[in-house]
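Beneath this line is the structure, given in structure tokens, with notes to follow.
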Amino acid sequence: MDESRSDLNGKLSGCRVVLTAQRKAEQFATALERHGAAIVHAPTLSVIPNVDDPELVARTRALIDTHPDIVVVTTGVGFNGWAEVAEAEGLSEQWHAMLTGAQIIARGPKARGAIQSAGLTPAWVAESETNSEIQQVLLEQGVRGLRIAVQHHGAGADGLDEAFSAAGAEVSSLVVYRWGPAPDPDAVVAAVELVANRRCDAVAFTSAPGVTAFLDAARDQGLLPEVLEAFSDEDGVLSAVVGNVTAAPLLEHGIEPLIPERFRLGSLVRTMVTELTARQSQASSSNR
């Protein structure tokens with residue numbers, strides 16, 4: 001980065017930012033703290049690996065035996081977890097060979113990066129980072145009679161299995177990790193209250209299920225209207241998301257969150273710093 005430490009310090013002094021992610025939370029927090037922000041950790045979900053899941057191991061062995069025609073990789077963390085499963089079972093070489101012989105489809109750059117790190121090359125990447133684009137392209141290509149393996153994100157089924165099966169494909173579903181409950185429910189309760197009472201400046205979300213869990217917590221506390229109003233108000237609480245997929249649950253409630261041009265954590269940090277700095281400047285000018 002070109003900015004010196006002296007340039008970074010203090011930009012967000014006085015800003016309180018709620019982080020709702022468990023993965024890379026420390027990295028995210030450190031990046032914002034370097035700008036002077038005060039961080040409130042309130043992960044709305046936990047990530048639970050399915051490394052010891054016997055069904056996942058069995059499906060991996062079956063794919064090695066049958067050689068799928070297409071492998072859809074929806075998340076980088078899920079693909080890396082799948083590689084760990086293969087390694088733990090002594091199947092790394094066979095797993096790699098199975099993937100080498102398949103057409104690998106990646107949902108976005110993160111999935112592509114994980115695939116390339118394994119020494120493999122994706123045949124096509126959905127730059128929109130949406131499953132709907134993958135579904136459209138493969139159905140237009142034609143999947144009847146093909147064997148398709150789909151590595152899902154933590155929320156599990158997302159419509160791909162059903163769409164491909166209906167089009168005549170033989171589908172194998174792989175859930176390498178799943179979303180679990182909030183590791184600290186009290187922290188989520190407190191974070192919802194901060195937003196409802198407008199005692200924080202921004203909330204950052206990195207997954208659609210994480211957004212949904214936050215809104216569900218607000219509803220359970222009877223504070224959903226206040227939270228939505230706080231997010232909707234230009235002078236209220238900034239809602240910031242890492243990409244279009246994460247934004248969907250907010251958009252469904254009429255909230256237009258801050259979205260970086262590049263769907264990356266670093267881009268989200270830079271975009272948030274710019275927006276929050278502008279808001280601080282505007283508030284200072286209006287108070288003069």
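If only residues of the stretch 62-90 that are more than 24 Å from Thr130 (Cα to Cα), under 28 Å from the mean Cα position of the chain (by Cα) and free of Cβ contacts under 8 Å to residues at least 40 places away in the same chain are counted, the one that is most open to solvent (accessible area, probe 1.4 Å) is Glu87.
Report, by residue number, each residue of the stretch 104-144 that is assigned to a helix (DSSP H, G or I), under 15 Å from Val245 (Cβ atoms) and open to solvent by 10 Å² or more (accessible area, probe 1.4 Å). Within the stretch 104-144, Pro109, Lys110, Asn131, Ser132, Glu133, Gln135 qualify.
The residue that is surrounded by the most Cβ atoms within 10 Å (Cβ to Cβ), counting only those in the stretch 151-170 that are assigned to a strand (DSSP E or B) and at pLDDT below 95, is His152. Scanning the stretch 111-132 for residues that are touching a Lys or Arg at 6+ places or on another chain (Cβ under 8 Å) and modelled with pLDDT of 90 or more returns Pro122, Val125, Ala126. Per the conditions (1) touching a Ser or Thr at 6+ places or on another chain (Cβ under 6 Å); (2) more than 19 Å from Ala86 (Cα to Cα); (3) not acidic (Asp, Glu), the sole criterion not satisfied by Gly168 is (1).
One residue stands out in the stretch 194-210 among those that are farther than 15 Å from Ser232 by Cβ, part of a helix (DSSP H, G or I) and of a type in the set (A, V, I, L, M, F, W, C): the one that is modelled with the highest pLDDT, namely Leu194.
Assigned to a loop (DSSP other than H, G, I, E, B), within 17 Å of Val195 (Cβ to Cβ) and at pLDDT 90 or above, is that true of Glu229? Answer is no for this residue. Looking only at residues of the stretch 32-61 that are within 18 Å of the chain's Cα centre (by Cα) and at pLDDT 90 or above, we find that the one that is farthest from Val195 (Cα to Cα) is Leu45. Here Ala278 passes the criteria (1) open to solvent by less than 50 Å² (accessible area, probe 1.4 Å); (2) over 23 Å from the mean Cα position of the chain (by Cα); (3) among the small types (Gly, Ala, Ser) except the one numbered (1). Consider Val18 carefully, then state whether it is open to solvent by less than 10 Å² (accessible area, probe 1.4 Å), more than 29 Å from Ala106 (Cβ to Cβ), in contact with a strand residue (DSSP E or B) (Cβ under 9 Å, 6 or more places away or on another chain) and modelled with pLDDT of 95 or more. Considered against the rule, which asks whether it is open to solvent by less than 10 Å² (accessible area, probe 1.4 Å), more than 29 Å from Ala106 (Cβ to Cβ), in contact with a strand residue (DSSP E or B) (Cβ under 9 Å, 6 or more places away or on another chain) and modelled with pLDDT of 95 or more, Val18 comes out as yes.
Checking each residue in the stretch 175-207 for being out of contact with any Gly (no Cβ under 8 Å at 6 or more places or on another chain), buried (at least 21 other Cβ atoms within 10 Å of the Cβ) and closer than 30 Å to Ala163 by Cβ picks out Phe205, Thr206. If I filter the stretch 232-259 down to residues being modelled with pLDDT of 95 or more and hydroxyl-bearing (Ser, Thr, Tyr), which single residue comes out as most open to solvent (accessible area, probe 1.4 Å)? Across the stretch 232-259, the extreme among qualifying residues is Ser232.
The values are calculated or read from the model by the stated rules, or taken from the named source; none is laboratory data. Worth saying up front: this structure is predicted, and the values here are computed from it rather than measured. Positions of Cβ are generated from backbone atoms using ideal geometry, with glycine treated the same way; all protein chains shown enter the neighbour counts. These accessible areas exclude ligands, DNA and RNA; they are computed on the full protein's heavy atoms, side chains included. Shrake-Rupley method; radii C 1.70, N 1.55, O 1.52, S 1.80 Å.
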